[in-house]
Amino acid sequence: MTEQQRPIEPGEPATQSQSTFGAWMGSMWLYTLLRFALFFALWGIVYLLGVNGYLGLIIALVLSVPLSLVLLRKPRERFTQQLELRMQARQASRADLDAQLDPNARDE
């Protein structure tokens, strides 16, 4: 398990490998903008090939899904990793708070 995949322990100080809100939002917006750019580029290509209207829109949409899986793999993985790190940090924070608030945990 790498440093970025390791679960965050309760009370552990923040490190570079932990996700921040800005990093998470940045990776989300980058991936979103790249998806839109791919869709509009495909729509433009389909339009230049002479397919207009809703049919061109649908063709661009259908083509953009599998192409985004291949072409946008790294930004998607970075976004997923940021999301996973945020979830781990939230779970660790919750476990730390639960341990502090549980009166029976101190007796054991």
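The values are calculated or read from the model by the stated rules, or taken from the named source; none is laboratory data. Worth saying up front: this structure is predicted, and the values here are computed from it rather than measured. Don't worry about glycine lacking a Cβ; one is built from the backbone with ideal geometry, like all the others, and counts go over all protein chains shown. Side chains are part of the model used for accessible areas, which takes the heavy atoms of the whole protein and leaves out ligands, DNA and RNA. Shrake-Rupley method; radii C 1.70, N 1.55, O 1.52, S 1.80 Å.
See the values below:
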{"quantity": "Any pair with Cβ under 6 angstrom, 6 or more apart, that starts in the range 31-42 at a residue that is within 13 Å of VAL65 (Cβ to Cβ) and ends at one that is open to solvent by 50 Å² or more (accessible area, probe 1.4 Å) and in a helix (DSSP H, G or I)", "calculated": "LEU42/LEU63"}
{"quantity": "Extreme residue, nearest to TRP24 (Cα to Cα), among residues of the range 68-105 that are assigned to a helix (DSSP H, G or I), touching a helix residue (DSSP H, G or I) at 6+ places or on another chain (Cβ under 6 Å) and hydrophobic (A, V, I, L, M, F, W, C)", "calculated": "PHE79"}
{"quantity": "Hits in the range 66-81 (condition: within 13 Å of THR32 (Cα to Cα) and in contact (Cβ under 8 Å) with a residue 40 or more places away in the chain)", "calculated": "LEU72, PRO75, ARG76, ARG78, PHE79"}
{"quantity": "Matching option when the condition is surrounded by 11 or more Cβ atoms within 10 Å (Cβ to Cβ), in a helix (DSSP H, G or I) and at pLDDT 95 or above, among ALA41, ALA23", "calculated": "ALA41"}
{"quantity": "VAL46 at pLDDT 95 or above and open to solvent by less than 50 Å² (accessible area, probe 1.4 Å)", "calculated": "yes"}
{"quantity": "ALA95 vs. criteria within 24 Å of PHE21 (Cβ to Cβ), touching a residue at least 24 places away in the same chain (Cβ under 8 Å), surrounded by 17 or more Cβ atoms within 10 Å (Cβ to Cβ) and out of contact with any Lys or Arg (no Cβ under 6 Å at 6 or more places or on another chain)", "calculated": "no"}
